[in-house]
Amino acid sequence: MFDLSNPPDGFTDNPFPHYDRLLADAPVCPQPDGSFLISGHAHLSAIYRDTTTYISDKRAAFAPKFRVGSPLFEHHTTSLVFNDPPLHTRVRRIMTAALTPKALARMEPGLIAIVDHLLDAMPQDADLVENFAATIPIQIIGNLLDVPLSERGPLRDWSLAILGALEPTLTGAQLERGHQAVRDFKAYLQDLIARRKASPGDPETDVLTRLINGDDGGTLSEIELIQNCIFILNAGHETTTNLIGSGLALLHDHPDQRARLLADPSLINTAVEEVLRFRSPNQFGNRETTAPVTLGGHAIPAGSNLHLCIGAANRDPAVFDDPTRFDITRHPNRHLAFAGGPHVCVGLTLARMEGRIALARFLNRYPDYRLKQGRKLGGRIRFHGPAYLPSRPFP
């Protein structure tokens, strides 16, 4: 039996052969703790659409992991991704109103300026994560919340520590880092919110002001407001960093695909979709059953935790032709990198825009970039992407 809490050697860096075996032999795989690992694309699609039988509320699952009342428990049971209506509906509606096509069009020139500034400042020997991929989403989310530039330094480390606590198994040190990151982030946001209430921004461009003001459905409580500001940073930071970093690594490792994209830059949109499928930034989601169900011949009791393996579903041969091949022209591409149903990622259009502009402008500036020996992955199961990409961008 495959045990997600005790995976085989090498799984963290290269889970994909294991996914292929799960898809072939155990698309619904019981776990020793009574949970179930779900890999098939059809199962995930159906689960995402059914918010009555499969809920996002994780209080029962997180209570023994984080301890009720702890900083991580408070955050991960209040943020949008682990909530159902009515909180999910209220918060999502406010966020969606701030990410309309009109709002994104206003953001694009600023995004281009950020990317071009990073390209201008690119060192001869660069880490394409630190010097490029990780910086872009931090600045974009910082702009969305109108966080002063001088105060953005700790944001990435806080995000990594909080999201790192979602791994299937944790050390005591990792758990405490997550708790402390929530404490520090909350303290910072309480001060920022007080300043913003005293001097509101333009709700058309300042998501924090929009969240403070609420909408016709009401306003958020202080805890809801703070924890969902943390969620906005976390959701928009690591996943987009992984998208851009994985895109640069994949195009380097598949020179035929890089050549196709250089020859036809109009392929950038399908290239971004293929990166999302082939190296999904978020490899796992979770749901809990509210009633007994049968999936893949397995009787699953009510109250069961389901691990939704997005990374495997995006390699399902029932949906994707030759799924182990990286093909920037793939169409259609029904990947689940942004989940699906009512919980489909609220920032998916922004993430796509960041990936498109970052990869296209990087390739235009450094078409012959090379990665050097020593690259490192993030070392996590749930989130997949490079943590260190040593490169020589210049010819």
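The values are calculated or read from the model by the stated rules, or taken from the named source; none is laboratory data. A quick note: this is a predicted structure, and the numbers were derived from the prediction, not measured. No Cβ is skipped: glycine too gets one built from the backbone with ideal geometry, and neighbour counts run over all protein chains shown. The protein model used for the area step is the full one, side chains on, heavy atoms only, and it has no ligands, DNA or RNA in it. Shrake-Rupley method; radii C 1.70, N 1.55, O 1.52, S 1.80 Å.
Quick notes on this one:
- Theoretical gain in end-to-end length, LYS372 to ARG21 [0.36 nm per residue, Cα-Cα removed]: 123.2 nm
- Förster radius 22 Å - calculated FRET efficiency between ASP9 and THR324, Cβ distance, rounded to 0.05: 0.55
- For LYS65, the lysines whose Cα comes closer than 24 Å to its Cα, not counting residues fewer than 8 places off in the same chain, are LYS186.
- Fraction of accessible area attributable to carbon and sulfur, region 108-185 (%, probe 1.4 Å): 54 percent
- Where the chain is the region considered: accessible area per residue in Å², 1.4 Å probe: 41 Å²
- Size descriptors for region 237-395 (Cα atoms only): Rg and Dmax, in that order, 17.3, 59 Å.
- Spatially proximal aspartates and glutamates relative to LYS58 (Cα-Cα < 18 Å; intrachain offsets below 8 disregarded): ASP33, ASP50, GLU74, ASP84, GLU167, GLU224, GLU288
- Charge dipole of the chain about the Cα centre (unit charges at C-beta), most positive-ward option of LEU233, THR205, PRO30: THR205
- Net charge dipole size for the chain [Lys, Arg +1 and Asp, Glu -1 on Cβ; Debye, nearest 20]: 140 debye
- Computed in the context of the full set of protein chains, the accessible area of region 255-395 at 1.4 Å probe radius has 52% of its extent on carbon or sulfur.
- In whole percents, the pair-distance distribution calculated for the chain from its alpha-carbon pairs, binned every 10 Å from zero, is 5, 23, 33, 27, 12, 1.
- √(5λ) per eigenvalue of the Cα gyration tensor, region 1-59, largest first, Å: 23, 14, 10
- Additional length obtainable on full extension of the chain from HIS331 to TYR388, 0.36 nm per residue less Cα span: 17.5 nm
- With N the number of residues in region 1-143, Rg(Cα) / (2.2 N^0.38 Å) evaluates to 1.41.
- Residues in region 26-45 reached by a label modelled at ALA60 [backbone nitrogen below 14 Å; 7 Å Cα→Cβ]: 34-36
- Across region 288-348, counting alpha-carbon atoms alone, Rg and Dmax equal 14.7, 42 Å.
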